[in-house]
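Data first, discussion second: the structure below is written as structure tokens.
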Amino acid sequence: MGATVLALSGAAWEKPEVEILSPKNGAVVGKHILVKYAFHHEWRADHVHVFVDGNFLMSTHQNPLTLTLGKGVHTIMLRAATVHHNLLKAKGSVSVTVN
């Protein structure tokens, strides 16, 4: 599947933005988590880097992506990155509880 791009105009997309669409912050989920996100590809943003609990997991163009996590509370963060993997300021994060 291709990456989702939100079609917004004006000030909302003057710089790269990352929004995690699901799961929602505070969600209780199973160990296999489908993460859907949106980000603006312009302004140098090419893909996202995925972090779980502050640790780098992968870089990806895949959307949605599936993560497998152990039981407990976890923070999933996505950061926009350039084609050369330089991290941009744009990020989105959610905390989830895995049963």
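Any read-out appearing in this document is the output of simple, stated calculations on the displayed coordinates, not a laboratory observation. None of the values given here were measured: they were computed from a predicted structure. As a convention, Cβ positions derive from the backbone with ideal geometry for all residues, glycine included, and neighbour counts pool all protein chains shown.
Annotations for the structure displayed:
- Charges were assigned to the Cβ only: +1 to each Lys and Arg, -1 to each Asp and Glu. The resulting dipole of the range 10-98 about its Cα centre is roughly 240 debye.
- Theoretical gain in end-to-end length, Val28 to Thr66 [0.36 nm per residue, Cα-Cα removed]: 12.1 nm
- Take the Cα of Ser95, step 7 Å toward its Cβ, do the same at Ser59, and the gap between the two points is 3.0 nm.
- Kirkwood-based shape ratio for the range 10-98, expressed as Rg/Rh from alpha carbons: 0.97
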